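What follows is one structure encoded as structure tokens, with my remarks underneath.
The values are calculated or read from the model by the stated rules, or taken from the named source; none is laboratory data. Predicted model, so just to flag it, every value in this text is computed and none were measured. We place every Cβ from the backbone using ideal geometry, glycine too, and count neighbours over all the protein chains shown.
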Amino acid sequence: MISFLKQFVNKILKNLFKNKKHIKLGLYGAPNSGKTTLANKICQDWLGEDMGSVSNVAHETREIQIKEQINIKHKGRELSFNLVDTPGIATRIDYEDFIKAGLKQSEAKKRAKEATKGVIDSIKWLDDMDTVIIVIDGTKDPYSQVNITIVGNLQARNIPVLIVANKIDLKKASIKKIEAAFPQYDVIGISAKYGKNVDKFYEALFVITS
């Protein structure tokens, strides 16, 4: 009787959660590629709130940011995830670049130190990710050392990847260049700032996590 009851309960639970999956979803990319802008769009769409602040100055996000229990629905399916917005990965961080951007020397040095730690943390957190979204600025050369480093680390870990070609609202943006650079991955062109093609992005999430 106990065995039958256990099987019955397990069957109910299986049916209850068969269309629902919970994962840890990481946003990765170079500084100012639009990771936090995309994170804010996702959070606004499904939670009604922002994830973090954005800035034209590189490395605005210098610490791992997490928004838990985001649930998105599409065609009767539901995907539940913790969204992890990571600091922009860079191969070179120089405080003098922040001074050129208008920061005072003390603030620039502090930002450079925090940004460097952020890069290290971003790489460490890769081991905790179930799926990764690589956000690439569609107006820039995709064959950058940063993008190649990120892709290499993900391939080594065998983590499912979706590439987002961001900023397609700008004339210089080229989705084809990004597709040519990384033919092994699906590429979705969006404008995180204006919400263009974000519905296609959500559809792609269900595909990459299925």
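Going through region 124-157 one residue at a time, which ones are of a type in the set (Gly, Ala, Ser) and surrounded by 12 or more Cβ atoms within 10 Å (Cβ to Cβ)? The answer is Gly138, Ser144. Number of residues in region 169-203 that are of a type outside the set (Asp, Glu) and over 19 Å from Gln44 (Cβ atoms) equals 17. Residues of region 157-168 that are modelled with pLDDT of 95 or more and more than 15 Å from the chain's Cα centre (by Cα): Ile168 alone.
Mind telling me which of the residues Ile208, Ile163, Ile168, Ile188 ends up being buried (at least 16 other Cβ atoms within 10 Å of the Cβ), more than 29 Å from Lys124 (Cα to Cα) and in contact with a strand residue (DSSP E or B) (Cβ under 8 Å, 6 or more places away or on another chain)? It would help to see each step written out before you state the result.
Values: Ile208 fails: more than 29 Å from Lys124 (Cα to Cα); Ile163 fails: more than 29 Å from Lys124 (Cα to Cα); Ile188 fails: more than 29 Å from Lys124 (Cα to Cα).
After ruling out the rest, the residue left standing is Ile168.
The criterion of at least 3 residues that are in contact (Cβ under 8 Å) with a residue 40 or more places away in the chain and under 19 Å from Gly26 (Cα atoms) is met, among helices (runs of 4 or more DSSP H) falling completely within region 130-210, by 145-157, 198-209. Within region 113-151, the set of residues being small (Gly, Ala, Ser) and farther than 22 Å from Ile66 by Cα comprises Gly138, Ser144.
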